[in-house]
Amino acid sequence: MSRYALCARPAWEAVTSLPVAFCLSLAVPALAQPAPPLGGVATVPPIIVSASRTDQSLLDLLADVTWIGPEEIARSGVDSLAQLLQRQPGTEIVTTGGPGSTSGVFLRGANTDQTLVLVDGMRVASSTTGTAALEAIPLSQIDHIEILRGPASSLYGADAIGGVIQVFTRRGAAGFSASGSVGYGTYNTTDITAGASGSNDTLRLAAQVDARRSNGFNAIANPQNPLYEPLDDGYKEASGSVSGNWTYAEGQQLAAQFLRSRLNAQFDNGDSYDNRTITTLESWQVTSNNRLAPFWISRLTAGNGSDDSLSETAFGNAPFLTNQHQYAWQNDFTLPQGLLTVALERLEERVSTDPEFPVNARNTDSALAIYQLRAGDQALQANLRVDDSNQYGSHTTGAIEYGYRLSSEWRVTASYGTAFEAPTFNDLYYPGFSNPDLVPETSRNVEGGIYGNGRQGDAQWQLRAIGWYNRVSDLIVFECNAAFVCAPQNVEDATLKGIEFGGVLTWHATEIRGSLDVQSPRDDATGAQLPRRALRHGALAITQQLGPVNVGAEVVASSLRYDDAADTIKMGGYAILNLTVEWPLGDGLSLFARGDNVFNKNYQLAAGYSTGGQQLFVGIRWLLQ
């Protein structure tokens, strides 16, 4: 067996109590201004927090970040967070069926469990599988998303080898507003949302609810597949979020957020039983933001992220519950030269499983410092962080980033950083298939980029090219010896390298946006292409305003991929065309429609699993302000 065995860490991370799961894969409101482009000029550039844990304009970043705003999310018309991420630079996805199926993301070719997912700053991943349930994070609850590519453990700790995807839920805005939508589509899919927000001089509140269901399709259509069963794999999802913000004095503020989503999704398991996984994801936090002095801002946060997964199969029920209690005290000091951020954090992971694990808790205490300096055309950021776990010991990571503005239109950046991923509780303690002596996976990354933005007459343009080289060591893979004794081991290395190209052109009522990633994610020992990752993938989208109507077309494409570590199970390249249209009707009402895979391309993101073919979804939105 190859040392980079796919069964070690299945990208789709099926939840089951059966040991065979480890090797299963082997047997919009009314039209608004377009969302700000990739790293370029916007009329009002968005503020980014993920790249430094403090507010930065998108135009001042040294890191490789994509900002996806509320208008772009609504205009996209997609069904799931994974679909939205699929069209972003440096991002590939894997799904095992429709929007309710288990989903994962490969950021710059890193494994699905090597990208940290945050909801309003809270970790929400399962500590047993190591991945976040992207399928259980509803788009209707999201205000905006920040994708930080590159090693980020020096900012956020474990699991940020590929980068960070941070989701921000909806917040109250000035004045009062209410919104809602109802839609219907292929596979008897229905979606109903409603929300409201309001504010006065000191208080802002917001609430959002969503109910969605679908009959789905048979994710495994081949009767020869051992997991085949002749049933459609439908799902139903209900979610809600609330947030509040109270400014009780100048520079003094209390804030709270809560998100809950419950997804009940069917899946194929090779029998006639109605197999399903019920995933309940929750995230909450309370934050005190205080200006203690003109040069000192303090932020004290307490919260929790939980992933409660229950698989119901013919073999019985398999519950896996993760709670991550999180506490942080961050202090931002404005110095005579630069900005210094120092923080203390504590992460308490608690798991409850069946079968029971011999260890079900671990604690990690962390300290970090971030220094930012801007002087004329030069910019610098340096990060240093120490994470001390009672399970895997102490781990230090760091990063240094430098940028230089060549002219008013062009700037260059360069950086070096380290990162690590902690072993999961499955890796360490799953009865009969674990290794408590595992150490964290580590990485060293170097990258450089060039960014351009400018205006030529009525046209506004942005261009970018970023190259990276990321060496990942001590990868955890699942190995079986000659006696068929199987356990995960730190035995593998991989190299992730590539170049990301991106650009946006806006001219009058037309916007053209595209990206192309040319990469080589490979197993160092065998030279094999890492499973389910392509050497080339990209997207091209065109939106056009035709009077009051906004129409869009996008192509998402990928080259050949393999579903196994030996590069023998081939998944062909694909290119799919999606179309969108939105037609304002007046008084805050608008019609919208999206056609996915309009040419009915037969392609796969995981071998043996269908992606559903041609699909249509139509609906109506309303916005009251």
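Of note:
- Qualifying positions in segment 107-132 - in a strand (DSSP E or B), closer than 18 Å to Thr418 by Cα and not aliphatic (A, V, I, L, M): Thr115
- Test: residue in segment 605-621 that is under 18 Å from Arg522 (Cα atoms), of a type outside the set (D, E, K, R) and part of a strand (DSSP E or B): no
- From Asp307, Asp377, residue being among the charged types (D, E, K, R), at negative phi and within 25 Å of the chain's Cα centre (by Cα): Asp307
- Residue pairs whose Cβ atoms lie under 8 Å apart, separated by 6 or more positions or on different chains, with the first residue in segment 554-569 and over 25 Å from Gln88 (Cα atoms) and the second part of a strand (DSSP E or B) and among the acidic types (Asp, Glu), are Ala565/Asp523.
- Criterion: small (Gly, Ala, Ser), surrounded by fewer than 14 Cβ atoms within 10 Å (Cβ to Cβ) and within 30 Å of Trp246 (Cα to Cα) - qualifying residue of Ala328, Ala293, Ala369, Ala314: Ala293
- Selected residue (criterion: modelled with the highest pLDDT) from residues of segment 263-299 that are closer than 14 Å to Glu229 by Cβ and among the hydroxyl-bearing types (Ser, Thr, Tyr): Tyr273
- Taking segment 506-532 as the range and being of a type in the set (A, V, I, L, M) and surrounded by fewer than 20 Cβ atoms within 10 Å (Cβ to Cβ) as the test, the residues that pass are Ala509, Ile512, Leu516, Val518, Ala525, Ala528.
- Lone unmet requirement of (1) part of a strand (DSSP E or B); (2) in contact with a Leu (Cβ under 9 Å, 6 or more places away or on another chain); (3) not aliphatic (A, V, I, L, M) for Pro531: (1)
- Residue satisfying all of: in segment 52-77; among the hydrophobic types (A, V, I, L, M, F, W, C) and under 15 Å from the mean Cα position of the chain (by Cα); modelled with the lowest pLDDT among these: Ile73
- Test: residue in segment 169-184 that is buried (at least 24 other Cβ atoms within 10 Å of the Cβ), part of a loop (DSSP other than H, G, I, E, B) and in contact with a Lys or Arg (Cβ under 7 Å, 6 or more places away or on another chain): no
- You will find that of Asp567, Asp587, the residue that is among the acidic types (Asp, Glu), exposed (fewer than 15 other Cβ atoms within 10 Å of the Cβ) and either farther than 21 Å from Leu516 by Cα or more than 24 Å from the chain's Cα centre (by Cα) (or both) is Asp587 and no other.
- Checking each residue in segment 406-434 for being among the charged types (D, E, K, R) and not in a helix (DSSP H, G or I) picks out Glu409, Arg411, Glu421.
- Near pairs, Cβ below 7 angstrom, 6+ apart or cross-chain, from segment 259-274 (at positive phi) to any residue that is part of a loop (DSSP other than H, G, I, E, B) and not small (Gly, Ala, Ser): Gly270/Pro226; Gly270/Leu227; Gly270/Tyr228; Gly270/Glu229
- Here Gly586 qualifies as at positive phi and of a type in the set (Gly, Ala, Ser).
- Residue check, Glu441 buried (at least 17 other Cβ atoms within 10 Å of the Cβ), modelled with pLDDT of 95 or more and farther than 19 Å from Glu421 by Cβ: no
- Scanning segment 558-612 for residues that are more than 25 Å from Leu530 (Cβ to Cβ) and of a type in the set (Gly, Ala, Ser) yields a count of 6.
- Looking only at segment 97-137, residues that are closer than 23 Å to Ala219 by Cα, in contact with a Gly (Cβ under 9 Å, 6 or more places away or on another chain) and of a type in the set (Val, Ile, Thr) come to 3 in all.
- The residue that is surrounded by the most Cβ atoms within 10 Å (Cβ to Cβ), counting only those in segment 186-205 that are under 25 Å from the mean Cα position of the chain (by Cα) and farther than 14 Å from Gly240 by Cα, is Thr189.
The values are calculated or read from the model by the stated rules, or taken from the named source; none is laboratory data. Since this is a predicted model, take the numbers as computed values, not measurements. So basically every Cβ, Gly included, is an ideal-geometry build from the backbone, and we count neighbours across all protein chains shown.
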